[in-house]
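Below is one structure; the comments refer to it alone.
The values are calculated or read from the model by the stated rules, or taken from the named source; none is laboratory data. No experiment lies behind these values; they were computed from the predicted model shown. Methodologically, a virtual Cβ is constructed for each residue, glycine included, from the backbone with ideal geometry; neighbour enumeration extends over all protein chains shown.
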Amino acid sequence: MGGISGDLPEEDLARMLRRGEELVPAEDTVTRARLLLDHAWMAWRFEREAEMADPARGGLELARRTDDVSLLSSALDAISAVAWIEIRYRDAVEYARERLDLLEGARGGAQIGIEHSDALHMMVESLVAAGELRPAAEYAKQARELDLSVGAVYSGWARGLLPAFFLGQWESALRMADAVRESWAAADRPPIAALSAALACAGAILGYRGDQDASEDWFRFANGAAPAHGGQSSGVAMLEADVNLHQGRIADALALSDSVSTHKMWWRSAYAATRAEAMVRAHDQRAADVISQAGGRIGDHRYAQGVLLRARGLHEGDETHLRHALSLFEEIGCPYQAARTGWLLGGEARKQAERTFTSLGATLPPD
């Protein structure tokens, strides 16, 4: 993987792949499958996502013909990534579930352990995207226990950050974030780009609560961990922009929403929806187009669906969209965003929103 095992130029990797394809016997199904999966991951690594699907599907088809557990796990990982690219998050959950079932009780030493840890991570991320926040929290506990058992303390505590944040379990999320940061420093500060958006949750919580200095410190830390063009950068920007929306700093939210690519896989859907809301709140002339574009980028991402419904309701002055968004956030168990939506509806919904903000320790949004 680039950045861990090295950053070889694409042409060098392509040359090795071609040589492998020249040498592999037709009857060597395992190696043929691995070569197809290498093509898939190269497409992902070099941001040609549209080219990933065919080799991933071909690699999975060949892997299913073998009894190689590690190979099939890798193929299921690749096809899960394709589901994310194609904004089919519930399908990604099912691929992750199959992968976990495959690995349960499998023997194979360290490699199987790595696959199991990665599969749990993918399950947590996919469940969050699918709006299954409580099951995501349960799988995050499993992932934490596995990581802690092998001494991966900082990544272990990071596993539960996203579910706890979206579920409104903010004290727990802050404790986890502190544990990640402390154990990361104790481990001589290894690369943690993959955790940057999860760490930004601490900045979001403190920002919603009005603790500006502490919030900015966490966002600086998260941004420092995330490469400028990395896959998690849009998640950090999305969370910081959402804090600005909560605080009524609409111009700042809009600037952040324009600052990073909308095409990064991990946060594509939620980022697109938050960007649409920032456009609407800023009365930006691009709002209608951005709402339309976001509609094609959210798929079955439940949180993003709720945010986009709210943006559309504000843009069109249609309370029906706002009530639908409120119901959706309540259904998935996301109290902060339910309160943000109820606040806009006024009446009893606003009273309930105020109670929720108070219970979360959040400041009230400006009128």
Spans of helices (runs of 4 or more DSSP H) in the stretch 317-367 with at least 3 residues over 15 Å from residue 277 (Cβ atoms) and among the acidic types (Asp, Glu)
319-332
Select from the stretch 163-175 the residues that are of a type outside the set (Gly, Ala, Ser) and more than 18 Å from residue 117 (Cα to Cα) and write down the one among them that is surrounded by the fewest Cβ atoms within 10 Å (Cβ to Cβ).
171
Name the single residue, out of those in the stretch 203-215 being within 30 Å of residue 151 (Cα to Cα) and touching a residue at least 40 places away in the same chain (Cβ under 8 Å), that is surrounded by the fewest Cβ atoms within 10 Å (Cβ to Cβ).
203
Residue that is surrounded by the most Cβ atoms within 10 Å (Cβ to Cβ), among those in the stretch 140-157 that are of a type outside the set (Lys, Arg) and under 25 Å from residue 359 (Cβ atoms):
140
Is it true that residue 160 is buried (at least 17 other Cβ atoms within 10 Å of the Cβ), of a type in the set (Gly, Ala, Ser) and closer than 28 Å to residue 328 by Cα?
yes
Answer yes if at least one residue in the stretch 138-145 is free of Cβ contacts under 8 Å to residues at least 60 places away in the same chain, among the aromatic types (Phe, Trp, Tyr) and within 28 Å of residue 329 (Cβ to Cβ), and no otherwise.
yes
Restricting the stretch 188-215 to residues that are closer than 18 Å to residue 164 by Cβ and polar (S, T, N, Q), which is farthest from the chain's Cα centre (by Cα)?
215
Filter the stretch 9-54 down to residues that are at pLDDT 95 or above and small (Gly, Ala, Ser) and give me whichever is nearest to residue 231 (Cα to Cα).
40
Scanning the stretch 245-262 for residues that are touching a residue at least 24 places away in the same chain (Cβ under 8 Å) and at negative phi gives 245, 246, 247, 250, 251, 253, 254, 260, 261, 262
Residue 266 is checked against (1) under 18 Å from residue 90 (Cβ atoms); (2) surrounded by 20 or more Cβ atoms within 10 Å (Cβ to Cβ); (3) out of contact with any Leu (no Cβ under 7 Å at 6 or more places or on another chain) and fails just one. What number does that condition carry?
(2)
For the subset of the stretch 40-93 comprising residues that are under 24 Å from residue 300 (Cα atoms) and acidic (Asp, Glu), which member is surrounded by the most Cβ atoms within 10 Å (Cβ to Cβ)?
77
Please pick out the residue among 113, 105, 151, 156 that is outside any helix (DSSP H, G or I) and closer than 27 Å to residue 176 by Cα.
151
Report, by residue number, each residue of the stretch 183-196 that is over 12 Å from residue 152 (Cβ atoms) and either at pLDDT 95 or above or not in a helix (DSSP H, G or I) (or both).
188, 189, 191
Within the stretch 3-39, restricting to residues that are under 28 Å from the mean Cα position of the chain (by Cα) and charged (D, E, K, R), the one that is surrounded by the fewest Cβ atoms within 10 Å (Cβ to Cβ) is 7
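Residues checked against (1) among the small types (Gly, Ala, Ser); (2) outside any helix (DSSP H, G or I); (3) farther than 25 Å from residue 339 by Cα:
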{"position": "134", "(1), (2), (3)": "no, no, no"}
{"position": "138", "(1), (2), (3)": "no, no, no"}
{"position": "146", "(1), (2), (3)": "no, no, yes"}
{"position": "172", "(1), (2), (3)": "yes, no, no"}
{"position": "179", "(1), (2), (3)": "yes, no, yes"}
What's the number of the condition residue 199 fails, among (1) touching a Gly at 6+ places or on another chain (Cβ under 7 Å); (2) aliphatic (A, V, I, L, M); (3) modelled with pLDDT of 95 or more?
(1)
Would you point out the residue of the stretch 216-265, among those that are of a type in the set (Ser, Thr, Tyr) and in a helix (DSSP H, G or I), that is farthest from residue 162 (Cα to Cα)?
257
Residue 299 meets each of (1) at pLDDT 95 or above; (2) under 24 Å from residue 224 (Cβ atoms); (3) assigned to a loop (DSSP other than H, G, I, E, B); (4) not β-branched (Val, Ile, Thr) with one exception, condition (2)
Within the set of pairs 6 or more residues apart or between chains, which connect a residue that is modelled with pLDDT under 90 inside the stretch 152-167 to a residue that is crowded, with 24+ Cβ neighbours inside 10 Å and not aliphatic (A, V, I, L, M) with Cβ atoms less than 7 Å apart?
none
When you go through 305, 285, 247, 337 one by one, which is the residue that is surrounded by fewer than 24 Cβ atoms within 10 Å (Cβ to Cβ), within 17 Å of residue 88 (Cα to Cα) and among the polar types (S, T, N, Q)?
305
